[in-house]
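Shown next, in structure tokens, is the structure this report addresses.
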Amino acid sequence: VSWRSDSNLLATGSEDGTVRLWEMENASQVKNWNAHPGGVQAVRFAMDGKLASTGRDKLTKTWDAAGTLQKQFDAFTDIGLRVAVAYD
């Protein structure tokens, strides 16, 4: 899970391969998309509201706030367990 910097949106990654966004004011799901076949291992909000995720498909991806794929990085040799966003 990862909280957006304003704490109004929560991102969750699931073993079903989806990333889901949850709005806290009404406790409702506002968006979901298929991110990683086989399961999402980690998801992280960046300061600008974009997201990064990694999954069982050995790929790390970045997404815009609407869930549109922005970039897919080269595959790792093993499953990534965490994802981080550098601000430089």
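The values are calculated or read from the model by the stated rules, or taken from the named source; none is laboratory data. Since the structure is predicted, the reported quantities are computational estimates derived from the model, not experimental observations. Cβ atoms come from the backbone with ideal geometry, glycine included; neighbour counts cover every protein chain shown. The accessibility values were calculated without ligands, DNA or RNA, using every heavy atom of the protein model including side chains. Shrake-Rupley method; radii C 1.70, N 1.55, O 1.52, S 1.80 Å.
Compute from the Cα atoms of the chain the Rg and the Dmax, the latter being the longest Cα-Cα distance, and quote both in angstrom.
12.2, 41
In square angstrom, what is the accessible area per residue of the range 11-57 with a 1.4 angstrom probe?
Heavy-atom accessible area per residue stands at 49 Å².
Given H placed on each backbone N at 1.01 Å, which residues far from residue 31 in sequence or on other chains put an amide H within less than 5 Å of it?
21
Please report the spacing between the Cα centers of the range 57-88 and the range 1-49 in Å, no decimals.
13 Å
Considering the options 40, 65, 13, tell which one lies farthest towards the positive end of the dipole of the chain, charges being +1 on Lys and Arg and -1 on Asp and Glu at the Cβ, about the Cα centre.
The residue sitting most towards the positive pole is 40.
On the full set of protein chains, 1.4 Å probe, figure out the accessible area of residue 44 and give it in Å² to the nearest 10.
Here the accessible area works out near 100 Å².
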